[in-house]
Each structure stands twice: as C-alpha cells, then as structure tokens.
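Written out below as structure tokens is the structure these notes cover.
The values are calculated or read from the model by the stated rules, or taken from the named source; none is laboratory data. What you are looking at is a predicted structure, and each value in this text was computed from that prediction instead of being measured. Methodologically, a virtual Cβ is constructed for each residue, glycine included, from the backbone with ideal geometry; neighbour enumeration extends over all protein chains shown.
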C-alpha cells in the first residue's frame, strides 16, 4: 500500500523537528511550535522557525508496470537566527538554516520507508518586512518526494 500524502507530510515534519542544534545542526527546531504546516510571510515566533506546506502531486507513468510515480511537492521555508545585526551574519544564518533543513530531509531518502526518493532544491537570502523594516535570514527549499502507487487502488 502506498503512503498517503498526510503520512509523507508527517514524516517530513518529524524530520524537521529533529533539527535540535546539536552535532552538525546550527539551529534548534525541536521545541514546541517551531515547525508548522502553515503558509506565512514572516516567522510566527522569535527564534528559528520552519513552515512546510504541500504544493502539488502530479503523477506520471512509472517504470514498473501497473504503477504510477506520484511526485509530492512541498515548500519548506525556514527563518534562522543570528547573533549579529549585519547583512553578512544574516546571510550566513540563512545558509545555516538551509543546510540544517537539507541535512534533516536528506538524512533518510525513504522517509522511514514511505517513499522511494527525496530530492531538494534550496536557496537562501535575507528577507525583510516592509512595514517594520525587520530583516530575517531565510531559506526556501522545494522538496520533491517520489512514491510509487498502484493502478486502480
């Protein structure tokens, strides 16, 4: 039985919540409310914050007869933290939150055996809020998750 979209989404969120600031991670997303399924323009809380939203699910023929390849597409947006109020520090923090997200998502290409591959396309930049003038280290990662589903089922 193929994994459902929600099961895959939950596995993706669990991987992101595993970013705990230890080892090779620079940010801590393990606290309550640090990873969400919402689409927002700026972080909802202070400190590192990540959103993961579902975008699309196109299907195509798979190489295995009687199956389709479904490509679940998600967008992850991460806001990092920095100790200095400079563009250089913000850009470095943006690269760090991007690396943390990529490391977490790519750690298990099968997301616990639910899918058969995960591909990520990331970028980082300094975002700003027009009203307040606040500037944020931001990373945006497009995630493609490939799974195989049977025909007629």
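Report, by residue number, each residue of the range 43-80 that is outside any strand (DSSP E or B), closer than 21 Å to residue 105 by Cα and either modelled with pLDDT under 90 or within 14 Å of the chain's Cα centre (by Cα) (or both). Walk me through how you get there before you give the answer.
We begin by selecting, within the range 43-80, every residue outside any strand (DSSP E or B); these are 43-48, 57-58, 62-66, 80.
Narrowing further to those that are closer than 21 Å to residue 105 by Cα: 43, 47-48, 57-58, 80.
Once the filter is applied, which keeps residues that are outside any strand (DSSP E or B), closer than 21 Å to residue 105 by Cα and either modelled with pLDDT under 90 or within 14 Å of the chain's Cα centre (by Cα) (or both), the range 43-80 yields 43, 47, 48, 80.
Just name the residue that is surrounded by the most Cβ atoms within 10 Å (Cβ to Cβ) out of those in the range 109-130 that are under 29 Å from residue 91 (Cβ atoms) and in contact (Cβ under 8 Å) with a residue 40 or more places away in the chain.
Here is the first cut: in the range 109-130, the ones under 29 Å from residue 91 (Cβ atoms) are 109, 118-130.
Within this subset, residues satisfying the condition of being in contact (Cβ under 8 Å) with a residue 40 or more places away in the chain are 127, 129.
Working: 127: 19, 129: 11.
The selected residue is 127.
For the range 92-144, give me each residue that is part of a helix (DSSP H, G or I) and touching a helix residue (DSSP H, G or I) at 6+ places or on another chain (Cβ under 6 Å).
Within the range 92-144, 104, 105 meet the criteria.
Within the range 1-19, restricting attention to residues that are without any contact (Cβ under 8 Å) to a residue 24 or more places away in the chain and within 15 Å of the chain's Cα centre (by Cα), which residue is surrounded by the fewest Cβ atoms within 10 Å (Cβ to Cβ)?
That would be 6.
Quick check on my filter: what residues within the range 99-108 are more than 13 Å from the chain's Cα centre (by Cα) and crowded, with 18+ Cβ neighbours inside 10 Å?
Within the range 99-108, no residue meets the criteria.
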